[in-house]
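**Q** Below are the structure tokens for one structure; questions will follow.
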Amino acid sequence: MKTTVIAVDGFASTGKSTLSKRLAKALDFTYMDTGYMYRAVSYFALTTDFIQEDVIQEQALEIALSETSFSWSTNADSKQMLFNGKAYGDELRTLEISSWVSRIAQLGFVREHLVNQQRILSQLGSVVMDGRDIGTVVFPNADFKFFLIADPKVRAQRRFDELQAKGEDVLFEEILKNVIDRDHQDSTRAISPLRKAEDAVEIDTTSFSVEEVFEQMLSAVKA
Ligand code: DC
């Protein structure tokens with residue numbers, strides 16, 4: 001059976017996950033959030049003392065990571081990704097995790113492990129994957145590729161509203177700094193930097209609603 005891969009890459013808080021989820025639902029594909037995987041590894045590193053006094057204990061983390069894996073939960077109506085058998089939620093979306101994740105995502109052994117896991121996890125059927133390197137590295141032959149961009153202030157505002165709604169005590173300036181720092185770290189790292197694949201469709205989501213961007217993406221896929 002022919003399966004389809006839709007890659008949705010782009011900068012932080014451009015709407016990638018909301019749009020990818022909607023696209024997956026509309027097409028009856030599996031949604032795979034690869035940022036969740038980098039966040040889960042960051043959470044693992046922070047909570048198991050592989051980060052000490054602001055230094056990542058790389059060798060120890062590499063050994064421990066090789067014994068971890070991601071899988072799909074077998075819940076009847078929604079597929080959820082598990083890390084070592086456990087589902088994670090808001091604990092992966094705090095500002096602390098967001099501040100560490102780009103550093104964790106720069107490590108070659110982390111990327112190698114997660115790219116492998118992503119290829120394994122996508123074998124169960126058609127997928128919409130959101131991330132930074134899906135169209136360039138994980139699936140360079142993806143059937144459809146989108147690259148989302150948006151003004152950093154608008155992205156920071158979206159993130160700020162999201163965290164405030166969850167009751168996190170955050171400052172807008174802190175969020176804006178994190179968005180700008182992550183853009184820089186993600187696009188200048190040595191391994192698999194964030195960049196638009198040549199054949200990706202670029203969409204600037206700054207002044208469009210989710211609905212409008214969703215319609216653009218859906219019609220590109222259905223064309
Ligand atoms: O999509 P997100 O904001 O949850 O991703 C968190 C971080 O993970 C992002 O700043 C960079 C990293 N990441 C990556 O390097 N490659 C991916 N495919 C997905 C995320």
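The values are calculated or read from the model by the stated rules, or taken from the named source; none is laboratory data. None of the values given here were measured: they were computed from a predicted structure. Note that each Cβ is placed from the backbone with ideal geometry, even for glycine, and that neighbours are counted across all protein chains shown. Quick note on the areas: whole protein, heavy atoms, side chains included, nothing else; ligands and nucleic acids left out. Shrake-Rupley method; radii C 1.70, N 1.55, O 1.52, S 1.80 Å.
**Q** Report the gain in length on full extension from V154 to S69: 0.36 nm times residue separation, minus Cα-Cα distance, nm rounded to one decimal.
**A** 27.1 nm
**Q** Between S207 and A87, what is the FRET efficiency for a Förster distance of 41 Å, r being their Cβ-Cβ separation, to the nearest 0.05?
**A** 0.70
**Q** For each pair in K25/K86; K145/K222; K25/K153; K145/K166, compute the distance between the two Cα atoms and list the pairs where it is over 20 Å.
**A** With Cα atoms farther than 20 Å apart: K25/K86; K25/K153; K145/K166.
**Q** With each run of n ≥ 4 DSSP H residues scored as -39500 (n - 2.57), what mean residue ellipticity at 222 nm is computed for the chain after dividing by its residue count and rounding to the nearest 500 deg cm²/dmol?
**A** -14500 deg cm²/dmol
**Q** Considering the options S187, S126, T74, tell which one lies farthest towards the positive end of the dipole of the chain, charges being +1 on Lys and Arg and -1 on Asp and Glu at the Cβ, about the Cα centre.
**A** The Cα lying farthest towards the positive end belongs to S126.
**Q** Starting from the Cα gyration tensor of the chain, multiply each eigenvalue by 5, take the square root, and state the resulting semi-axes largest first in whole Å.
**A** They are 25, 22, 17 Å, listed from largest to smallest.
**Q** Once you've got the GNM for the chain with C-alpha springs shorter than 10 Å, pick whichever of A200, A150, A190 has the biggest mean-square fluctuation.
**A** Per the Cα network of the chain with a 10 Å cutoff, A190 tops the list.
**Q** How many times 2.2 N^0.38 Å is the alpha carbon radius of gyration of region 73-173?
**A** The reported ratio for this selection is 1.26.
**Q** Compute the convex hull volume of the Cα atoms of region 1-118, divide it by the residue count, and report the result per residue in Å³ as a whole number.
**A** Hull volume normalised by residue count: 125 Å³.
**Q** Let me spell out the model: positive unit charges on the Cβ of Lys and Arg, negative unit charges on the Cβ of Asp and Glu, origin at the Cα centre of the chain. What dipole size does that give, in debye rounded to 20?
**A** Its charge dipole is roughly 620 debye.
**Q** From the backbone phi of region 175-182, what are the Karplus-calculated ³J(HN,Hα) couplings (6.51 cos²θ - 1.76 cosθ + 1.60, θ = phi - 60°) in whole Hz, Gly and Pro given as x?
**A** Karplus values, whole Hz, x for Gly and Pro: 5, 4, 5, 5, 4, 5, 4, 5.
**Q** Give me the net charge of A200's neighbourhood, meaning all other residues with Cβ under 10 Å from the Cβ of A200; Lys, Arg count +1, Asp, Glu -1.
**A** -1
**Q** For region 50-122, with all protein chains present and a 1.4 Å probe, just round the carbon and sulfur fraction of the accessible area to a whole percent.
**A** Heavy-atom surface of region 50-122 belonging to carbon and sulfur, 1.4 Å probe: 44 percent.
**Q** What ranking, highest mean first, results for peptides 39-52, 165-178 when packing means the other Cβ atoms within 10 Å averaged over each residue?
**A** 39-52, 165-178
**Q** Name the residues whose placed amide hydrogens come within less than 5 Å of the amide hydrogen of L148, ignoring near sequence neighbours (fewer than 5 apart) on the same chain.
**A** Under 5 Å from the amide H of L148 lie the amide H atoms of D9, G10, F11, I203, each far enough along the sequence or on another chain.
**Q** How much length is gained on full extension from L218 to K25, taking 0.36 nm per residue of separation minus their Cα-Cα distance?
**A** 68.4 nm
**Q** When all alpha-carbon pairs of region 126-168 are counted, what percent fall beyond 14 Å?
**A** Tail of the P(r) past 14 Å holds 61 percent of the pairs.
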